[in-house]
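A.B. asks: One structure coming up, written as structure tokens, with questions to follow.
The values are calculated or read from the model by the stated rules, or taken from the named source; none is laboratory data. Given the structure is predicted, the values throughout are model-derived calculations rather than measurements. Positions of Cβ are generated from backbone atoms using ideal geometry, with glycine treated the same way; all protein chains shown enter the neighbour counts.
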Amino acid sequence: MKAAHEQLLDAARKDDKATASQMMADELSWVHASGRVAGKEELLGARPTPPPHVEVEEVRTFDKTAIVTGSSRFEDGRQQRFLQQWINDEGQWKLLAHQGTPIGGMPAAGRARATPSAEGTAGRATMKGAAPAFSSDEARAVWKVDTQLRDAFLTGDVAAYEKLTSDNFVRIGPGGERQDRGEFLQTVKRNAGQSAGRIEVGEVSIDLSGDVARVMMTTWGAMPGGEEFAPLRLTKVLVKRAGQWQQAAVIFTPMTKQP
């Protein structure tokens, strides 16, 4: 798997579009560190500027899917963390999703308070609002778990959050910070007894590949205790084990106007 990652990175550095195209899934979703989303055609049409320093921190495989997390550093000193989803297509690993977020680049919560007009599967919705319309029972099951996770986070319900989170869970926060399950459960615990927060979502999409699901959305609102947070784009990967969907990885990226 690491070899495939290196091969795609090498193709980008050489601007070898033929090789890069072969290693990208047609449905590729690429979230820039600004929160902007691009597809395969746009990426291949641009001149790539890959970072010179890239470190793969962890690779986890689930049947024909691999989750890759890592970090990168550019010549100008900017640093990012990233989360990638790869799929094995008849023996060939292909990049299906990528999201990066700046390390140390998160604006202070509440600094940007404008409410976006996100239009997604169900338009602008609060966590307690009507669920987006999905075409399959499995997608609805994934959405139910995702809703339960948000509810557990807001109320500080550590037991519920832990049950719906895999042992090797990794979270990349909007400032590029990396946390494992135990570390983030301490954050959830601190929410218990706080004044009510709110999580609003838009642009929801769910992609299913066997027992692996990828959820993408935009989110904004207020943390328990009342501190508002500016719009973020997130990608979350869930894995089905023994009939139960659990979150395995998530990354958040602040949405800015930069390309």
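Table: residues versus (1) part of a strand (DSSP E or B); (2) out of contact with any Gly (no Cβ under 8 Å at 6 or more places or on another chain); (3) under 21 Å from residue 180 (Cβ atoms).
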site	(1), (2), (3)
201	yes, no, no
204	yes, no, no
207	yes, yes, no
214	yes, yes, yes
218	yes, no, no
234	yes, yes, yes
248	yes, yes, yes
253	yes, no, yes
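A.B. asks: Which count do you get for residues in the range 31-59 that are surrounded by fewer than 12 Cβ atoms within 10 Å (Cβ to Cβ) and of a type in the set (Lys, Arg)?
C.D. replies: 1
A.B. asks: Scanning the range 211-250 for residues that are polar (S, T, N, Q) and under 18 Å from residue 132 (Cα atoms), which turns out surrounded by the fewest Cβ atoms within 10 Å (Cβ to Cβ)?
C.D. replies: The qualifying residue surrounded by the fewest Cβ atoms within 10 Å (Cβ to Cβ) is 219.
A.B. asks: Quick test for you: out of 170, 188, pick the one residue that is part of a strand (DSSP E or B) and either closer than 26 Å to residue 104 by Cα or modelled with pLDDT under 95 (or both).
C.D. replies: Working: 188 fails: part of a strand (DSSP E or B).
Just one listed residue meets the conditions, 170.
A.B. asks: Can you find a residue that is modelled with pLDDT of 90 or more, surrounded by 13 or more Cβ atoms within 10 Å (Cβ to Cβ) and in a helix (DSSP H, G or I) anywhere in the range 115-138?
C.D. replies: yes
A.B. asks: Now for a different question. Restrict the check to the range 221-228 and report whether at least one residue is within 29 Å of residue 95 (Cα to Cα) and assigned to a strand (DSSP E or B).
C.D. replies: no
A.B. asks: Only residues that are farther than 19 Å from residue 145 by Cα and within 16 Å of the chain's Cα centre (by Cα): list them for the range 182-219, please.
C.D. replies: none
A.B. asks: Being more than 21 Å from residue 228 (Cβ to Cβ), among the polar types (S, T, N, Q) and buried (at least 18 other Cβ atoms within 10 Å of the Cβ), is that true of even one residue in the range 178-197?
C.D. replies: There is no residue in the range 178-197 that is more than 21 Å from residue 228 (Cβ to Cβ), among the polar types (S, T, N, Q) and buried (at least 18 other Cβ atoms within 10 Å of the Cβ).
A.B. asks: Let me ask something additional. If you go through the range 22-49 one residue at a time, how many are touching a helix residue (DSSP H, G or I) at 6+ places or on another chain (Cβ under 6 Å) and more than 26 Å from residue 255 (Cβ to Cβ)?
C.D. replies: Number of matching residues: 1.
A.B. asks: Show the residue pairs that are 6+ apart or on different chains and have beta-carbon atoms under 6 Å apart, the first residue being within the range 66-78 and in contact (Cβ under 8 Å) with a residue 12 or more places away in the chain, the second being of a type in the set (Lys, Arg) and in a strand (DSSP E or B).
C.D. replies: Cβ pairs passing all conditions: 67/60; 71/81.
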